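A quick write-up on the structure given underneath.
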Amino acid sequence: MGARSLTAQRAGVEVAGQNLANVNNPAYARQRVAIATSLTIGTELGPQGTGADAVAITQMRSAILDNQIQAEASNRGSLTAQQTALQYTQAALGTQIDTLASGAEGTTASQGVGSGHSLSDSMSQLFNSFQSLSTNPTSMAERQTLLMNAAGVAAQFNQLNSRLNNLKGSLNSTIQSETGVANQLLTDIAALNKQITSAEASTGGAANDLRDTRQARLEELAKYVKLDLSNGNGGAVNIAIGGVAMVTDNQVTDSLQSYDAGGGQVLLRATTAGTPLALTGGSIQGTIDARDGAIANLQTSVNAIASALITQVNSVHAGGFGLAGSTGANFFNGSNAADISVNSVLLGDPALVQAAGVSGAAGDNQNALALAQLAQTKFAAFNGQTLNQAYSQTVAGFGQQLSTVNTQLGDQQTIENMLMSQRDSIGGVSLDEEMTDLTRFQKAFSASARLITTVDDMLDTIVNMKR
Amino acid sequence: MRVSANTFSDTLITQLNNLAVRQARLQSQAATGQRVRLPEDDPVALRRALDLQSEFSSTGQYTRNIARQTELAQASYTNIKALKSLSDRAGEIATQADGLKSPEELKLYAKEITEMIKQAVSLMNGTNRGDALFGGTATSQPPFAMSLDVNGNVAAVAYQGNTSLPETEISEGVTLTTQAVGANTLGTGPRGLVTDSRSGADLFNHLISLQNNLLTGNTTAIAATDRASLAKDEDNLLYHISSNGSLQARLETTASLNGARSLAIESQVSTEVNADLAQTLVKLTQTQTAYQAALQSGAKALNLSLMDYLH
């Protein structure tokens, strides 16, 4: 009985030691040794106890919490990816209100309203240059200023388009690299399934530490893609992604593959099944959502504004006359934000800017005035807004999407903190508790040893009775 | 609730992080004086601020347009005023040139009129920044061309300009011009400064007629036609002087309204994007106090352990 008790208490000390050793391991769930009375034997006095046995080492885990945390990891992964992508886009957009900066017209904070540092400012400058030209249509200085400002607007459209394209390329690279990481995790989890099945079949108990590692891998994988889990054979976990089985028991049955769906749109499909995956969470889907949603919409809107600017300005400009009577020239070349540029012929000779409405009247400004008044023209294509208002609306709409993601992520953080706190409350290691257990088992071990010495003393007494 | 070894530290890290983010945001607001900088801060306020900035920029341009029109109006006024002085003197000569004057005296008057015509042509060919002031939109050549006879007297003055004027926008949708065309015999469009079919003004031809009548000593014609003709010219010049003054007053009023609008826009932008400094600083102090309290309580809680009491 004494020896059995010593073994049981030693197991308690070992488990407390294991818990203490893993106090800072985030994947670890504390363990408890289960001690039960050993078999009783029948005596004249009735059934008599034979001490206690350590019967199992159990893990303090809640399957419900684990599943919830893993599901929330997908939501958080998606929102974090969206937030990151949209914040990069916000930086690429370069629009901010800075009331301390010099404005487009050199106004300072004390005189003006600051600068928006954006296309909005540049377009205002362009239309103001048309106004200035209308007040002095024969001035080469005004014509030169107009062309420089127009080239500035064109360059800003080009840069914004280029930045957004680069950003989409970076997001595609992120999708590709995260797909590789997710595939590695699928392989790891299948291997862990195999180890768990094997360990539990041979020992009969739960392979707690392997299960901890697998749970951590599942939560890591869930950050990238939303998982559908089910129980496999012998303690294994089966994984399906987007309706396609990826891990069954200890086999990786399929894997994720990124592919270009056309036009640089990298998506995800199952390698073996070949079917495009309809993902509903995880950072990969979050990145795809941001790229094909907010960023694509932003690029479409910017292109629409650039196209309208080109078409409208060219339409008016072509009908005017240059200082020497030339007519019919376009002001802008190109058709959208990617290729907009100022007609190089005009850049070479500002006198060719067609500011006059009639031929042979150098001082006529009708065309310049009509071009300047495009700033106030409201377009049906932009819901009755001017070009500047359409850009402001585009920026505000984008800002609203980012703001919504920020709020959702804040809420998500709160939910995850609560779930983590609940899980920690169940499975987290408490130093005080473990030190108490250590002391408790140590005392019990000492007491069990004393039982053996007491029995030994009693046997000595009996043996020495003959003398 | 059961508290594990990492509960304190995890919670403390989360709380400190939240407070640090809040502190950083409030500190940035206090340093810049702005509540809204980026689209994500307040998309609706940012939208309104961008629209207001655009309007501010346009209003600034209208103010510059007004300055340019005022410059043109003042340049025109200087020349018209000088022309009016010449017209006044011509009227005086037409009144003084009666039958009591000797032919020599009349020829001296004629000589003075000839010089006055040349001076008037010079005034009417005046320019601003290289562009003719009174040629309509035909600004690249002098509006009036003068021809002399063999004796050096003025034979004719021809108008080479047109009757169109460039208009400038001085506030949204409102355009005007402060310039005048030299001559308009069409009966429509802007009133001519020296020749206008509607008012009967034709200053150069009337002066040439006076010059010729003075040379020939035809004082009867001077009294019968030239005086009345020159009176029409004077009325026409008075009309232009008055019109110029009215336009300058209108420009001044519009500039003043634009200035007031700019100030109003500044105030509106400030309302949209600026931070309430008092409120921001109070919140910052609150957050700093909470941060300090979290650090102190955290440090104490983390230091407590059963191990300190076990031997």
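The values are calculated or read from the model by the stated rules, or taken from the named source; none is laboratory data. On a predicted model such as this, the values are computed, not experimentally measured, just so you know. Note that each Cβ is placed from the backbone with ideal geometry, even for glycine, and that neighbours are counted across all protein chains shown. Ligands, DNA and RNA are stripped out before the accessible areas are found, and what is left, the full protein with its side chains, is counted by its heavy atoms. Shrake-Rupley method; radii C 1.70, N 1.55, O 1.52, S 1.80 Å.
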Problem set entry | Matching entry among A:409, A:371 (being within 30 Å of residue A:68 (Cβ to Cβ), of a type in the set (A, V, I, L, M), within 12 Å of another protein chain (Cβ to nearest Cβ) and not in a strand (DSSP E or B)) | A:409
Problem set entry | segment B:119-134, subset open to solvent by less than 30 Å² (accessible area, probe 1.4 Å) and outside any loop (DSSP other than H, G, I, E, B), residue farthest from the other protein chains (Cβ to nearest Cβ) | B:120
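Per-residue answers, yes or no, for (1) under 28 Å from residue A:16 (Cα atoms); (2) outside any loop (DSSP other than H, G, I, E, B):
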site	(1), (2)
A:69	yes, yes
A:72	no, yes
A:77	no, yes
A:88	no, yes
A:91	no, yes
A:96	no, no
Exercise. If residue A:54 passes every condition in (1) open to solvent by less than 40 Å² (accessible area, probe 1.4 Å); (2) assigned to a strand (DSSP E or B); (3) among the hydrophobic types (A, V, I, L, M, F, W, C) but one, which one does it miss?
Worked result: (1)
Seminar exercise, completed: In segment A:201-228, residues that are more than 21 Å from residue A:427 (Cα to Cα) and in contact with a Leu (Cβ under 9 Å, 6 or more places away or on another chain) total 5
Seminar exercise, completed: residue A:280 vs (1) surrounded by 22 or more Cβ atoms within 10 Å (Cβ to Cβ); (2) modelled with pLDDT under 95; (3) farther than 30 Å from residue B:132 by Cβ: all pass except (1)
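State the number of residues belonging to segment A:363-373 that are open to solvent by less than 10 Å² (accessible area, probe 1.4 Å) and either free of Cβ contacts under 8 Å to residues at least 24 places away in the same chain or farther than 23 Å from residue B:179 by Cα (or both).
Of segment A:363-373, the ones open to solvent by less than 10 Å² (accessible area, probe 1.4 Å) are A:363-365, A:368, A:371-372.
Next, from what is left, pick out any that are either free of Cβ contacts under 8 Å to residues at least 24 places away in the same chain or farther than 23 Å from residue B:179 by Cα (or both): none.
So the count comes out to 0.
If you scan segment A:223-245, which residues turn out to be touching a residue at least 60 places away in the same chain (Cβ under 8 Å) and closer than 16 Å to residue A:178 by Cα?
So the first thing to find is which residues in segment A:223-245 are touching a residue at least 60 places away in the same chain (Cβ under 8 Å), and the list is A:223-227, A:229.
Those that are touching a residue at least 60 places away in the same chain (Cβ under 8 Å) and closer than 16 Å to residue A:178 by Cα: A:223, A:224, A:225, A:226, A:227.
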Exercise. Which residues, taken from segment A:70-106, are touching a Gly at 6+ places or on another chain (Cβ under 6 Å), modelled with pLDDT of 90 or more and surrounded by fewer than 24 Cβ atoms within 10 Å (Cβ to Cβ)?
Worked result: A:75
Exercise. Going by the conditions given, is residue A:388 crowded, with 23+ Cβ neighbours inside 10 Å, over 30 Å from residue B:302 (Cα atoms), touching a residue at least 60 places away in the same chain (Cβ under 8 Å) and facing chain B (nearest Cβ under 8 Å)?
Worked result: yes
Seminar exercise, completed: Within segment B:222-277, the residues that are among the hydroxyl-bearing types (Ser, Thr, Tyr), more than 14 Å from chain A (Cβ to nearest Cβ) and farther than 26 Å from residue B:176 by Cα are B:225, B:229
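Residues to consider are B:101, B:81; find the one that is more than 14 Å from every other protein chain (Cβ to nearest Cβ) and either part of a helix (DSSP H, G or I) or under 30 Å from residue B:244 (Cα atoms) (or both). Full working, then the answer.
Numbers: B:101 fails: either part of a helix (DSSP H, G or I) or under 30 Å from residue B:244 (Cα atoms) (or both).
Only one candidate passes the filter, namely B:81.
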Problem set entry | Considering residues of segment B:31-55 that are aliphatic (A, V, I, L, M) and open to solvent by 30 Å² or more (accessible area, probe 1.4 Å) only, the residue farthest from the other protein chains (Cβ to nearest Cβ) | B:31
Exercise. Among the residues of segment A:374-385 satisfying the criterion of being within 17 Å of residue A:126 (Cα to Cα) and crowded, with 18+ Cβ neighbours inside 10 Å, which is nearest to the other protein chains (Cβ to nearest Cβ)?
Worked result: A:375
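Let me confirm something: among B:11, B:70, which residue is more than 7 Å from chain A (Cβ to nearest Cβ), more than 30 Å from residue B:292 (Cα to Cα) and not hydrophobic (A, V, I, L, M, F, W, C)?
B:70
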Exercise. Going through segment B:264-311 one residue at a time, which ones are loosely packed, with under 11 Cβ neighbours inside 10 Å, among the hydrophobic types (A, V, I, L, M, F, W, C) and farther than 23 Å from residue B:11 by Cβ?
Worked result: B:278, B:310
Problem set entry | Close pairs from segment A:9-29: first under 12 Å from residue A:209 (Cα atoms) and outside any loop (DSSP other than H, G, I, E, B), partner open to solvent by less than 20 Å² (accessible area, probe 1.4 Å) and among the hydrophobic types (A, V, I, L, M, F, W, C), Cβ under 7 Å, at least 6 apart | A:19/A:429
For this session: With the checklist (1) over 30 Å from residue A:77 (Cα atoms); (2) within 11 Å of chain B (Cβ to nearest Cβ) in hand, flag the one item residue A:426 doesn't pass.
Result: (1)
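Going through B:192, B:173, B:182, B:187 one at a time, which residue ends up being closer than 30 Å to residue A:135 by Cβ, open to solvent by 50 Å² or more (accessible area, probe 1.4 Å) and of a type in the set (Gly, Ala, Ser)? Reasoning before the result, please.
Values: B:192 fails: open to solvent by 50 Å² or more (accessible area, probe 1.4 Å); B:182 fails: open to solvent by 50 Å² or more (accessible area, probe 1.4 Å); B:187 fails: open to solvent by 50 Å² or more (accessible area, probe 1.4 Å).
Answer to the check: B:173.
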For this session: Considering each of B:260, B:223, B:278, B:264 in turn, give the residue that is small (Gly, Ala, Ser), farther than 26 Å from residue B:44 by Cα and in a helix (DSSP H, G or I).
Result: B:223
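Looking at B:256, B:243, B:267, which one is hydroxyl-bearing (Ser, Thr, Tyr), modelled with pLDDT under 95 and out of contact with any Ser or Thr (no Cβ under 8 Å at 6 or more places or on another chain)? Walk me through it before giving the result.
Numbers: B:256 fails: modelled with pLDDT under 95; B:243 fails: modelled with pLDDT under 95.
Every option except B:267 fails the conditions.
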Seminar exercise, completed: When (1) free of Cβ contacts under 8 Å to residues at least 12 places away in the same chain; (2) open to solvent by 50 Å² or more (accessible area, probe 1.4 Å) are applied to residue A:273, the one that fails is (1)
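Yes/no matrix, rows are residues, columns are (1) assigned to a helix (DSSP H, G or I); (2) over 30 Å from residue A:136 (Cβ atoms):
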{"site": "B:10", "(1), (2)": "yes, yes"}
{"site": "B:15", "(1), (2)": "yes, yes"}
{"site": "B:23", "(1), (2)": "yes, yes"}
{"site": "B:40", "(1), (2)": "no, yes"}
{"site": "B:53", "(1), (2)": "yes, no"}
{"site": "B:60", "(1), (2)": "yes, no"}
{"site": "B:65", "(1), (2)": "yes, no"}
{"site": "B:72", "(1), (2)": "yes, no"}
Problem set entry | Members of segment B:135-170 found to be more than 7 Å from chain A (Cβ to nearest Cβ) and in contact (Cβ under 8 Å) with a residue 60 or more places away in the chain, listed by number | B:144, B:153, B:170
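Quick one: count up the residues across segment B:79-90 that are touching a residue at least 40 places away in the same chain (Cβ under 8 Å) and open to solvent by 20 Å² or more (accessible area, probe 1.4 Å).
Let us first name the residues in segment B:79-90 that are touching a residue at least 40 places away in the same chain (Cβ under 8 Å), namely B:79-84, B:87-88, B:90.
Still in the list and also open to solvent by 20 Å² or more (accessible area, probe 1.4 Å): B:79, B:81-82, B:84, B:88.
Adding up the residues that qualify gives 5.
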Problem set entry | Test: residue in segment A:347-362 that is open to solvent by less than 60 Å² (accessible area, probe 1.4 Å), within 37 Å of the chain's Cα centre (by Cα) and small (Gly, Ala, Ser) | no
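Quick grid of which residues meet (1) more than 14 Å from every other protein chain (Cβ to nearest Cβ); (2) surrounded by 17 or more Cβ atoms within 10 Å (Cβ to Cβ); (3) at pLDDT 95 or above:
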position: A:121; (1), (2), (3): no, yes, no
position: A:126; (1), (2), (3): no, yes, yes
position: A:129; (1), (2), (3): no, yes, yes
position: A:134; (1), (2), (3): no, yes, yes
position: A:144; (1), (2), (3): yes, no, yes
position: A:147; (1), (2), (3): yes, yes, yes
position: A:153; (1), (2), (3): no, yes, yes
position: A:161; (1), (2), (3): yes, yes, yes
position: A:177; (1), (2), (3): yes, no, yes
